[in-house]
Amino acid sequence: MRPCYMQQDCIYHYICPMKYSDYKKLLKSHSLRITDSRIDVLEKFFRTKHALSFKDLEEEFNNYDRVTLYRTLNSFIDKGILHKIPNEDGFASYGLCTEECTQVSHRHDHVHFKCNVCGHIECLQDHIVPKVQLPGYEIETQNLIVNGVCKVCKKGVVPATTKT
């Protein structure tokens, strides 16, 4: 679960969703121009409890072309708003960064959980990936994706967007 970027009293973003002015403030604080596509994509991430793929965004925002969506994702990654989550199928998903991430320093040493039923990937911020030491190697990043059945699917509730 991701902490809310803008509201100090909020524990999680989906409990107290951000306002349009908060999205604008977030973009400005990361030196990004305010555009409709950036606001829309940012809002989608903050209102979703799981990571999103490019395909998810493309289906949601068919009014934006592919290049606009790719540029939006890349600028959010470059500025420390999103992080990329590699996937075994070759297509990445994207999750919100915590407030500790900046343009020069991303910290994503948490576990990602992928549900075998719905296909959603969640960032489990409270579960840290242990540091791996490999003599003679310089490790730049490490990822851990745990597969299984998520809480929602385990309860038998079908999520709104299931993977087909």
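The values are calculated or read from the model by the stated rules, or taken from the named source; none is laboratory data. Bear in mind the structure is a predicted one, so any value in this text is a computation, not a measurement. Cβ: placed from backbone, ideal geometry, glycine included. Neighbour counts: every protein chain shown.
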- Message: Restricting to the stretch 54-67, and then to whatever is surrounded by fewer than 16 Cβ atoms within 10 Å (Cβ to Cβ) and out of contact with any Leu (no Cβ under 8 Å at 6 or more places or on another chain), can you tell me which residue is nearest to residue 94 (Cα to Cα)?
- Response: 55
- Message: So in the stretch 22-77, with the set limited to residues that are among the charged types (D, E, K, R), in a loop (DSSP other than H, G, I, E, B) and without any contact (Cβ under 8 Å) to a residue 24 or more places away in the chain, which one is nearest to residue 121 (Cα to Cα)?
- Response: 65
- Count of residues meeting criterion [hydroxyl-bearing (Ser, Thr, Tyr) and within 17 Å of the chain's Cα centre (by Cα)] in the stretch 116-154: 1
- Task: Could you grab me the full set of residues in the stretch 81-93 that are in contact with a His (Cβ under 7 Å, 6 or more places away or on another chain) and surrounded by fewer than 23 Cβ atoms within 10 Å (Cβ to Cβ)?
- Result: 85
- Message: Quick check on my filter: what residues within the stretch 20-53 are among the basic types (Lys, Arg) and farther than 30 Å from residue 145 by Cα?
- Response: 24, 25, 28, 33
- Task: Could you tell me whether the stretch 73-80 includes any residue that is crowded, with 16+ Cβ neighbours inside 10 Å, more than 13 Å from the chain's Cα centre (by Cα) and not aromatic (Phe, Trp, Tyr)?
- Result: yes
- Item | strands (runs of 3 or more DSSP E) completely within the stretch 78-158 that count 1 or more residues being modelled with pLDDT of 90 or more, under 20 Å from residue 57 (Cβ atoms) and not polar (S, T, N, Q) | 82-85, 93-96, 110-115
- Message: Which count do you get for residues in the stretch 119-143 that are among the aliphatic types (A, V, I, L, M) and loosely packed, with under 10 Cβ neighbours inside 10 Å?
- Response: 3
